[in-house]
1. What do you reckon, how do THR238, THR221, THR137 stack up by accessible area (1.4 Å probe), largest on top?
2. As a test of the definition: which semi-axes, in Å, follow for segment 167-221 when you take the square root of five times each eigenvalue of its alpha carbon gyration tensor? Largest first, please.
3. Give a residue-ordered list of calculated ³J(HN,Hα) values for segment 349-366 (Karplus: 6.51 cos²θ - 1.76 cosθ + 1.60, θ = phi - 60°; whole Hz; x for Gly, Pro).
4. Which part of segment 113-152 falls in the paramagnetic zone of GLN216, meaning amide N under 12 Å from the point 7 Å along Cα-to-beta-carbon?
5. For segment 35-109, just the Cα atoms, rotate onto the principal axes and tell me the three extents in Å, largest first.
6. How big is the shadow of the Cα convex hull of segment 204-335, averaged over all directions, in nm²?
7. On a 0 to 90 degree scale, rounded to 10, what angle separates helix 408-418 from the longest Cα axis of the chain?
8. Tell me which aspartates and glutamates have Cα within less than 14 Å of LYS81's Cα, excluding those fewer than 8 residues away on the same chain?
Amino acid sequence: MSYAETALDLLEKGQLEEFKKQYALSLRHDDDDTLFSLAEELYSLGFLNQSRRIYENLLKKYPTEDELRTNLADIAIDEDKNDEALEYLNEVSPESSAYVQALMVAADLYQTQELFEVSEQKLLTAKKLAPDEPVITFALAELYFTMREFRKAIPLYLELITAGTTELSRVNLVERLGVAYANAGRFEQAIGYLKQIHTGDMTPDVKFETAFTYLQLKDRTAAIRLFGELKDSDSHYTSLYPYLGQALEEENRLAEALTTLQEGLGVDQYNEKLWLQAAHVATKLDDEALAEKYLKKGHELDSDDLGAVIQLSNLYVKQERWDENEDLAKPYVKAEDADPQLYWNLAVTAEHKEEYDLARKYYDAAQPFFMDQADFLKPAIYFYREEGASETVVKLLQAYLKVVPDDAEMALMLEGYQD
């Protein structure tokens, strides 16, 4: 048995002091091939200093062996010595048999620095030089996956799977491909691959993506089942709650949807979107007090979120709380991109407060956006008629009768204006 084998055996047994002695003996007495293998083993076990020392010694003896440089660059990257890693890699010429490996290591280095485009170029060059090397194809696919360039990743994963490679570096490529398809919005293709993965073998992320895909395909039963399993196994997976709530709401299981969203708020109380979604479901359950509470909380968390403002304004109008609606909505119609729903709500508010000039201002601002909505047009017609704005009344009546052609009262009113 070589000193290297003895050293590794002692390391496996946890006898570190004895390992150090045998390691030193290996450096002095074992042949170079044995030392190279020892360095590889030590690197895989995380003993970077000991591995680096062997590679450095070997590089002094074999200065043209560029594989030693790429291995030393790997160690330098692991130690956050990026400049040192680049020095080693830059010494590897394109004519070297280790050049492709050097490109791979460089791509890894640039990816850790989030220089994704540089990393991509290194990998594309490597793939051009070694087009049939699955590790390169996999690395490029994973880079695109990380960059969320899923449409570029998909053909690379397909290339690997078609060639018979379904797992690399402990990554399930069928699973990866399914998730990539889902994120690219190609849900039919996604589910074909995701269905091949046994539920018990799914990671939380893959289970979420599978449930989300079922939801997009309107298979709410499967979506609810998987989201529910994910919630039971990891209640702090906060992304699941809005979608599970949505699926239950779409199935008209409103009480369950509200409970789910409340559970989500228990683990993600700073998610204003979740407060708004819960408020929406509470409104459908006719619990306006709870809806108002949730809307105010969402508005408090993000005062710039017009969704909360509009829902709360709608509630105030429904409950005829005119002063509160005016205080809430007025600041938001001063912006250039004001939401027209707020113009409508303020028009109704001003009309009920008998502030007719103000009401007309808001009706004028709102009407271009709601010329196809009978709920807006009918009260607006009566308002403008009281204002004596005949031309506007005729315009609104014509628009209204396109939407509700069988409203005899409005048809008769239009005839009166046209006589």
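1. Values: THR238 50, THR221 100, THR137 0 Å².
Heavy-atom accessible area, descending, gives THR221, THR238, THR137.
2. 18, 12, 8
3. The phi angles translate into 4, 5, 4, 5, 8, 6, 9, 6, 4, 5, 4, 5, 4, 6, 4, 4, 5, 7 Hz.
4. 150-151
5. 29, 26, 16
6. Reported value for the Cα convex hull: 8.4 nm².
7. 70
8. Of all the aspartates and glutamates, those that pass the test against LYS81 - Cα under 14 Å, at least 8 places apart if same chain - are ASP108.
The values are calculated or read from the model by the stated rules, or taken from the named source; none is laboratory data. Keep in mind that this is a model prediction, so the values were computed, not measured. So basically every Cβ, Gly included, is an ideal-geometry build from the backbone, and we count neighbours across all protein chains shown. Areas reflect the complete protein model, heavy atoms only, side chains present, ligands, DNA and RNA absent. Shrake-Rupley method; radii C 1.70, N 1.55, O 1.52, S 1.80 Å.
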